[in-house]
Every structure is written in structure tokens, then in C-alpha cells.
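Okay, so here's the structure we're looking at.
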Amino acid sequence: MTKTITSALVNKLDAMLSPCRLCPRECHVDRLHGEVGSCNAGSILTISSYHQHFGEEPPLVGRHGSGTIFLAHCNLHCVYCQNYEISQRGMGHETTLQECSRMMLRLQALGCHNINFVTPTPWIPQIVEALRIAQDEGLHVPIVYNCGGYESVETLKLLEGIVDIYMPDIKYADDGCAKKYSDAPHYWDVVRKALKEMHRQVGDLVLDHGIAQRGLLIRHLVMPENIAGSKACFEFIRKELSETTVVNVMAQYYPTHKAHNYPEINRRITAREYRDALAELERCGLVEGFRQTMDTIVREIVPEWTDELRET
Ligand code: SF4
């Protein structure tokens with residue numbers, strides 16, 4: 001966090017809750033007076049859990065973990081969400097801003113290399129106000145914004161100098177898929193503009209002794225039947241951001257929540273589908289990022305690939 005958070009900024013963000021236009025959905029509900037919009041988030045910050053997390057990408061985890069704060073609610077409604085109880089059912093506890101700032105300071109005291117807000121989008125004003133308290137109390141580790149990529153550029157601009165590391169998903173390159181599986185109109189247009197703004201603010205990922213300090217780290221979840229449009233996503237990153245953008249190509253899709261209602265995504269991806277996505281990434285010339293070996297994936301994520309790999 002390089003910027004001192006002022007009352008003027010806090011007030012400006014608060015005003016965006018009433019009527020709410022924090023994210024591209026622009027629900028225009030009055031969240032400061034009891035109304036809720038598409039994400040179901042109200043006025044009081046709701047946190048599901050906070051802890052030292054060792055399952056994030058290696059530059060965030062280091063030796064002491066990423067200081068992860070899981071927020072309730074989400075502005076996407078993915079039918080296959082693995083955290084749907086938190087993101088869509090709002091499982092969590094109402095939390096004061098002072099409590100939230102104490103969580104951050106506790107995670108920092110435990111040695112966490114960053115404070116990692118998961119699905120922060122509906123809560124940006126409350127988070128920034130809590131950060132202001134924590135900043136006064138000595139919070140100094142990098143701030144991670146870990147989101148689904150469905151962000152408003154106008155709101156992101158207000159986070160310049162506050163967020164150090166943006167970690168968005170790029171989920172789809174096709175608006176029809178985004179609408180069908182995440183109820184996210186115009187996702188492709190929205191995510192491209194959002195990622196460009198994030199990259200403008202923080203640039204490529206910068207490490208110090210292997211630990212992320214600043215920059216953009218993009219996640220791409222490979223989906224069955226190429227529903228995630230991997231090739232177009234990678235081409236956009238290569239052409240519009242940089243060839244050195246760090247991309248994590250993830251194999252851990254599994255059908256959960258309402259995915260059983262959609263036969264085409266009611267299965268895990270195959271080893272072939274994952275390899276095809278990696279081949280597209282290489283063809284695009286994107287070289288930075290995280291690729292799990294087939295051995296690791298079979299051991300830890302998709303044991304079902306064992307037979308398929310034996311046959312190839
Ligand atoms: S943050 Fe929630 S209420 Fe506000 S515009 Fe987005 S979805 Fe609607």
C-alpha cells in the first residue's frame with residue numbers, strides 16, 4: 001500500500017454503496033439503508049474466515065503463508081462455484097471494521113507475506129476503511145485483490161496505490177458462456193477492460209526473494225469442452241497486456257453446486273483438455289506462470305487421469 005487512505009476516499013467509496021454501483025452490475029440499490037442487490041451483500045462487512053493459507057500460488061505463500069480473508073457474497077453466480085456456501089449463501093459473520101483491521105494485523109504478526117482478500121468486490125468501501133485503521137496501526141505487507149475479474153474500471157481506479165497485487169480470474173472469452181454459467185452479462189468486455197486497468201496500475205508480477213511484492217497474477221480455470229475459451233483468453237493477455245504476464249492455468253475444475261444441471265460441465269476436465277490449454281498458452285508465447293506437472297495433478301487433483309495418461 002503506497003497511498004495514505006484519506007477520509008475523502010473513504011467517503012467517495014461509501015457513496016458508491018448508495019445507490020450501489022460498485023461493480024458492473026450497477027444494481028442501484030441503497031445498501032446503506034437495508035437494500036441488497038444481485039450479490040446480496042448489505043452494509044455490514046461479512047467475513048467467512050481468516051487464516052494463514054498455504055494453498056495459494058507459491059509467490060504468495062512463501063514460508064509463512066498468505067494472510068487470507070474470505071468474504072461472504074460475490075458478484076458472480078457461477079453454477080459450479082466450489083465455495084457457493086460462502087459466495088452465494090452468504091455464510092459468514094458480521095464483522096466491525098476494527099475487528100477486520102485486527103485480523104489483518106494478526107495475520108501480519110504471524111508472518112504472512114500479504115493480506116489476501118478473497119471476493120472483495122462487493123465490500124470495497126468497508127475493506128478500504130478497515131485498511132485505513134490497520135495502516136495507522138502499522139500494516140505494511142502487500143495487499144492482494146483476489147477476484148473473479150467482473151470489476152468496474154471506475155471502482156478499480158480508486159484502488160490505485162492501495163492494492164499491490166491483483167489476482168483476477170479470466171473465466172470466459174464468450175459472453176454466452178458467461179451468462180449461462182455465471183449470470184455475468186458482457187463478461188468478456190468487462191474482464192478485458194478490468195485486467196487492462198489492473199495491469200496499468202501494478203504491471204507484471206515483481207518478486208523479492210521469491211515472494212510477490214506487486215503486480216498482476218491471472219488465474220485461468222480450464223473447463224470441459226473448452227467452455228473457458230482458453231485460446232482467446234491467452235491471446236488477449238499476450239497482445240493487450242504483456243508476454244511476461246504471469247498466468248496460472250488451473251486443472252482443478254470439478255462439478256459441484258448446480259453443475260449437475262448442465263451435462264456438458266458435469267465432469268472433470270480430461271488430461272487431454274489440460275494439455276491442449278497449455279499448448280495454446282505456449283503457442284501464444286506466454287511463458288511466466290505456474291504449471292503443475294501431470295504427476296502432481298494426478299496425485300493431488302485428478303486421480304481419474306491415471307488411466308487416460310497410461311493410454312497416451
Ligand atoms: S456490489 Fe452487489 S449490489 Fe453493488 S452493483 Fe455489484 S452486485 Fe450490485
Global size of the chain as Cα Rg and Dmax, reported in angstrom = 18.9, 62
Taking F70, F117, F54 and counting other C-beta atoms within 10 Å, the order from fewest to most | F54, F70, F117
Which listed pairs, of K179/K239; K3/K239; K3/K179; K196/K258; K157/K239; K12/K180, have C-alpha distances above 28 Å, in listed order | K3/K239; K3/K179; K196/K258; K12/K180
Which of the cysteines in the chain are isolated, no other cysteine C-beta under 4.7 Å?
-> C20, C23, C27, C39, C74, C100, C112, C147, C177, C233, C284
Per the helix-only model, the chain has a calculated mean residue ellipticity at 222 nm (DSSP H runs of ≥4, -39500 (n - 2.57) each, divided over all residues, rounded to the nearest 500) of -9000 deg cm²/dmol
Remind me, relative contact order of the chain in percent, using alpha carbon pairs under 8 angstrom and six or more residues apart?
-> 15 percent
Cα-projected label distance for E225 with T2, points at 7 Å along beta-carbon direction, nm | 4.5 nm
Just rank E243, E280, fewest to most, by other beta-carbon atoms within 10 angstrom.
-> E243, E280
What residues qualify as long-range amide H neighbours of S48, i.e. H under 5 Å apart, gap of 5 or more or another chain, H built at 1.01 Å from N?
-> F70, L71, A72, H93
Report the one residue of A8, G65, L207 whose Cα lies farthest in the direction of the positive end of the charge dipole of the stretch 7-311 (charges on C-beta: Lys and Arg +1, Asp and Glu -1; origin at the Cα centre).
-> A8
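Values quoted throughout were computed directly from the atomic coordinates according to the rules given, and no laboratory measurement underlies them. Being a predicted model, the structure only gives us computed values, none of them experimental. Methodologically, a virtual Cβ is constructed for each residue, glycine included, from the backbone with ideal geometry; neighbour enumeration extends over all protein chains shown.
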